[in-house]
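Below: one structure, written as C-alpha cells.
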2 protein chains.
Amino acid sequence: MAERWNARERIVYAAAQSVRERGVSGTALRDVVERARAPRGSLQHYFPGGKDQLITEAIAWSADYAASTVTGYLDSTERPTPGGLLAAMARGWQREFGARGFDRGCPLVAAAADVAGPEPELRATINAAFEAWQEPLRAALRDMGLPARRARSLTTVMISALEGAIVLARTRQDVGPLRDVVRELGPLLDAAVDG
Amino acid sequence: MAERWNARERIVYAAAQSVRERGVSGTALRDVVERARAPRGSLQHYFPGGKDQLITEAIAWSADYAASTVTGYLDSTERPTPGGLLAAMARGWQREFGARGFDRGCPLVAAAADVAGPEPELRATINAAFEAWQEPLRAALRDMGLPARRARSLTTVMISALEGAIVLARTRQDVGPLRDVVRELGPLLDAAVDG
C-alpha cells in the first residue's frame, strides 16, 4: 500500500516505523528518508519544523491507525462485545509479530519511553494520541451497554494490558502474553456488560 | 541512600534513572557519570565493556528492585492476596509519581522500546529481567492457592496492566490509570483464588 503514497506520506510512515523499532532518540532522519525512498531535500520541504514536526505527525498517524482498529472491529462484527474488541486488537498484533517478527512495538509506548519526560510538547502529543485511541474505545463500550464511568476505566485496563503484553511479547519473542491477556480479561470485560 | 553507595553502585543507579527518563539511546555516558558524582575515569575502570555493560547492569539492578517489591509486600502482610499484591506494586508507582513527578517510567519498558529490536543481546537481558520479576510473582500467586498455569497467566496480566498503566499515567500526568487497573483487576485476581 505504501507504494501509492506520496513522498510526504511515505516519510511519516517510515518515521513511525523507525520509532516503533528504535524510539524517538534512536530515530535518524537520514534513515527515515532512505526508508521512505524519498529525495533528500523532501524532508526540509515537507517538514520545516524538523524532527519534532515529523515525530509529531508520526505519532498522530499512529493514533489514527490505532483508532481504526476499533472502528474496523465494529464495522465487521454483527454482535460486538468488549472481549471480542480486545481480542481483535490483540489479533492485529499477533498477526504483525507473526508476519514481521518482534522488532516493532507500539509507537506511542516507544515515544513515551524516551521523550515523555524530557520533552513536554511531545508528551502532550503522545497523550492526545492515546486519547484519540481511547475515545472510540470508550464510545464502543458505552454502545455495548456499559455505564460511562465503567467504560472509561475498562478502556484504561484494555489499553494498559494490551500495551504491556506487547512489550512482554517483544522481549520474550512469543505472542503468549497477548493470548494470556485476552483469555483472562475477555470474561471480565464481557461480564461487565451482562452484570 | 545513594549517599552510602560506592562510585560503581552510584553509576549503575544513575544509568537506570537515565534509562527511565530517556531510554537507552537517549542515555549519554557523560551525563550518567556526572549524575553519579563519580570521577570521569571510573566508567572505563568499572565498565570496560562500555555502554552495553553498563546498561546490562542497570537492567539487572532494575529487575532486582522490581522483584523486591513483591517480597516486600509478602514480608509486610499478614494475609497476602493477589489484588493486594497488585495494589502494593501500583502504590509504589503512585508514591514515586507523587514525590518526583512523571519524568521517570519503568526502565525495562524504556529499554525494550528502543533496543529490543536492534540489539538482540540487550533484548535477552531485558527478557531475563522481566523473568526475574515474574518468577517471585508467580510463586506468590501459587502460595496464595492458584494453580501453576493460572498463576502464570495472571502474572502476565498483572505485569502487563501495570506497565501499560505506568505509560498512560506518565503521558497523562495523572495516576488515574494505576487506580483504574487496581480497582478493576483486584476483584478478578482475588476471585481466581476463591474460585
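Every number in this text was worked out from the coordinates using simple rules, so none of it is lab data. Note that the structure is predicted; figures quoted are calculated from it, not measured. With ideal geometry, Cβ positions are generated from the backbone for all residues, glycine too; neighbour counts draw on all protein chains shown.
Only one of the numbered conditions (1) under 22 Å from residue B:191 (Cα atoms); (2) within 20 Å of the chain's Cα centre (by Cα) is not met by residue A:138, and that is (1).
Looking at the range B:114-132, can you tell me whether even one residue there is part of a helix (DSSP H, G or I), closer than 18 Å to residue B:53 by Cβ, without any contact (Cβ under 8 Å) to a residue 40 or more places away in the chain and of a type in the set (A, V, I, L, M)? Checking the range B:114-132: at least one residue is part of a helix (DSSP H, G or I), closer than 18 Å to residue B:53 by Cβ, without any contact (Cβ under 8 Å) to a residue 40 or more places away in the chain and of a type in the set (A, V, I, L, M).
From the list A:123, A:152, A:142, the one residue that fits, being among the basic types (Lys, Arg), over 25 Å from residue B:21 (Cβ atoms), within 11 Å of chain B (Cβ to nearest Cβ) and in contact with a helix residue (DSSP H, G or I) (Cβ under 9 Å, 6 or more places away or on another chain), is A:152. Looking only at the range B:10-55, residues that are farther than 21 Å from residue A:25 by Cα and surrounded by fewer than 16 Cβ atoms within 10 Å (Cβ to Cβ) come to 8 in all. Selection of the range A:155-179 for residues being more than 20 Å from residue B:126 (Cα to Cα) and either more than 9 Å from chain B (Cβ to nearest Cβ) or not basic (Lys, Arg) (or both) yields A:155, A:156, A:157, A:158, A:159. Checked against the criterion of being within 13 Å of another protein chain (Cβ to nearest Cβ), farther than 19 Å from residue B:140 by Cβ and over 19 Å from the mean Cα position of the chain (by Cα), the range B:10-26 has no qualifying residue.
Inside the range B:35-51, can you point out the residues that are in contact with a Ser or Thr (Cβ under 9 Å, 6 or more places away or on another chain) and assigned to a helix (DSSP H, G or I)? Matches in the range B:35-51: B:35, B:51.
For residues that are among the β-branched types (Val, Ile, Thr) and more than 21 Å from residue A:107 (Cα to Cα), tally how many sit in the range B:93-131.
The number of residues fulfilling the criteria is 1.
Under the condition of being touching a Ser or Thr at 6+ places or on another chain (Cβ under 7 Å) and away from chain B (no Cβ under 11 Å), the residues counted in the range A:89-118 number 2.
Here residue B:188 meets each of (1) over 18 Å from residue B:67 (Cβ atoms); (2) more than 9 Å from every other protein chain (Cβ to nearest Cβ); (3) part of a helix (DSSP H, G or I) with one exception, condition (2).
Considering only the range B:74-83, state which residues are assigned to a helix (DSSP H, G or I) and either under 27 Å from residue B:28 (Cα atoms) or free of Cβ contacts under 8 Å to residues at least 40 places away in the same chain (or both). Spell out how you get there, then give the answer.
First pass over the range B:74-83, keeping only residues assigned to a helix (DSSP H, G or I): B:74-76, B:82-83.
Across the range B:74-83, the qualifying residues are B:75, B:76.
Being assigned to a helix (DSSP H, G or I) and over 19 Å from residue A:109 (Cβ atoms) is the filter here, so list the residues in the range B:17-34 that pass it. Of everything in the range B:17-34, those that are assigned to a helix (DSSP H, G or I) and over 19 Å from residue A:109 (Cβ atoms) turn out to be B:17, B:29, B:30, B:31, B:32, B:33, B:34.
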